[in-house]
Structures are given as structure tokens and as C-alpha cells.
Amino acid sequence: MSGHPYANPTSLVPRDPSSTLAAPRPPSLDAAGSDPELIALPAPPKRERTATVVLMGITTLAAAWMAFVLSGEARYALTPGELVEVPDLATLAPTADFANRYVRTTALLGTTGAIRYGRAAEGDSFRLAPVAGNEKIWVEIRVPEGFEGPRFVPPTSFAGRLVPFREAGLRHARLPEAVAAQTNKAVPEDAWVLIDGSSPRASRWAVALVALFLGFAAWNLAGIVRVLARVRDGEAR
């Protein structure tokens, strides 16, 4: 039986197809140890990447600048909110202790240099006028919608935020220029403004906006770091 062609029983057992599959070949590397297939991949679009980083950088700076501009009002919103009694503004020479304080006082408003203006999305109007006898202190009052007119009599008692003009914030930054343009009267460089009706509680919106802008700036900055990290990883490969 040893000479029979079918004497070997193992020749009748079917082979496992998987045993005939070739084992995966390791990636072929060149002499420098680099993968030619990886090197052959197209490089990331540098122009689009650079534009993205620049745009995110500009957005980061803009958000940080807005947070800085609103920081004064945000600090005012975080003050205890206790009213500080101040004598007649006509005799007041404010010092740094009065900056960004919630004060209650009295004053007569002058007419020379006074202006009237409005703000977008607000039906009320506003008036800005110097204190009679003390042109280094100005008062902004809000006139409810429908009360503006030639017979309007400005109040003589006020309660609000007392702050130097240069620190008043974005909404009041251009008021000295508006006074000069409309009345040809210059507002002193060291002038102060009392924003009537502005309490710390009413200014809490500034805290929310500052937090929003800082978060937005941080998010964009983290995005820039991630993009640049990917670029460095790609170059390292």
C-alpha cells in the first residue's frame, strides 16, 4: 500500500485558505528611515492655514480689547453699591478716591457746551452738560422717551457713577469730541462725568460681556496653539 498514489492521507485534507494569505508587510522605509508613501502625501494648504491663524489672531486681539474697554464698567458693577454722599458738585474737586464710585449729589447744570444725543436701539435720549461753576465735572442724564422737548427742566439731584471721562468706557469715549464738534467748546482733559442713574446693579451686563469676550479670546488662542502644534508635528514627520 505504500506505493499507492493515495496512500498519504494528509493529501486528502483540505487546506485552510487563511493559511495561504501573506502576512502584512511592514512599511518600506528608505535609507533615512522615512516612509516614502507618507512623504508623497500632499502638504497641507499653507495659504488657507496662514489665513486661519491670522484671522483667529485678529479675533483674539479684538475680543481682548473689548474686554479691556469694558473692564472699568465691570469693576464698577462689582463694587458694594453703597451710595457715597457728595456735596454740591460746583465746589467738588474729585480725587482718585471718587473714581468709579456710586455717589449721590446735587448740582445746577449749565447750558454752554450742553449737547443732546441718542443711542442705537434705545428710545430714550441723553443730555450731557457741565456743572454750573465747575466745568471739570459734567453730568449725563437720561430723558425718558416722550419727555424731551423745549420745556424739559433738568433735575438738580443725581445718583450715579462718578468717573474720569477717559475711564468712562466705550459708550462715553467720544462724547468730548461730540461736544467740541457741536458747540465749539473743549472739554478739559482731566474732566469727570457723573452718569446719572448708573448703579452697580444696573451695570452687571458689563461683567457678563467681559467674561464672554475673555472666553472667546481664550478659545481662539487655544485654536491657534492647536493649529501650530499640528504644523510642527507635520514638519517633524
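The values are calculated or read from the model by the stated rules, or taken from the named source; none is laboratory data. Just so we're clear, the structure is a prediction, and the values are computed from it rather than from any experiment. Note that we place each Cβ from the backbone using ideal geometry, even for glycine, and neighbour counts take in every protein chain shown. For the accessible areas, the whole protein counts, side chains as well, though only heavy atoms, and no ligand, DNA or RNA atoms are used. Shrake-Rupley method; radii C 1.70, N 1.55, O 1.52, S 1.80 Å.
Here are a few things to note about the model shown:
- Subtracting the Cα-Cα distance of A218 and T111 from their residue separation scaled by 0.36 nm leaves 33.9 nm.
- Once the Cβ-Cβ distance of S157 and A120 is raised to the sixth power relative to R0 = 22 Å, the FRET efficiency obtained is 0.15.
- Dipole magnitude of region 83-237 about its Cα centre (Cβ charges: Lys, Arg +1; Asp, Glu -1), debye to nearest 20: 540
- Taken one residue at a time, the phi angles of region 146-157 give Karplus couplings (6.51, -1.76, 1.60, θ = phi - 60°) of x, 9, 6, x, x, 8, 5, 10, x, x, 10, 10 Hz. Gly and Pro are set to x.
- Relative contact order computed over region 109-195 (Cα-Cα under 8 Å; 6+ residues apart), in percent: 33
- Spatial separation of Cα centroids for region 62-110 and region 119-142, in angstrom: 14
- Taking label positions 7 Å along the Cα-Cβ direction at both R104 and E177, the computed distance is 3.7 nm, reported to one decimal.
- Karplus-derived 3J(HN,Hα), 6.51/-1.76/1.60, for each residue of region 74-90, Hz, glycine and proline x: 5, 5, 5, 5, 8, 6, x, x, 7, 5, 9, 6, 10, x, 3, 5, 5
- Surface composition of region 44-172: carbon plus sulfur atoms hold 60% of the accessible area, using a 1.4 angstrom probe and ignoring ligands, DNA and RNA.
- Between amide H atoms placed 1.01 Å from N, distances below 5 Å from V193 occur with W138, V163, F165, all of them 5 or more places distant or on a separate chain.
- Cα gyration tensor category, rounded, prolate or oblate, for region 97-187 with a/c compared to 1.5: rounded
- Probe 1.4 Å, all protein chains present, accessible-area order of W219, W192, W205, W138, largest first: W219, W205, W192, W138
- V86 - accessible surface, heavy atoms, 1.4 Å probe, Å² rounded to 10: 10
- Between the amide H of V84 and those of Y102, V103, R104, distances stay under 5 Å, these residues lying 5 or more places away or on another chain, with hydrogens modeled in the peptide plane.
- Between the beta carbons of A62 and R226, assuming R0 = 25 Å, the FRET efficiency works out to 0.80 to the nearest 0.05.
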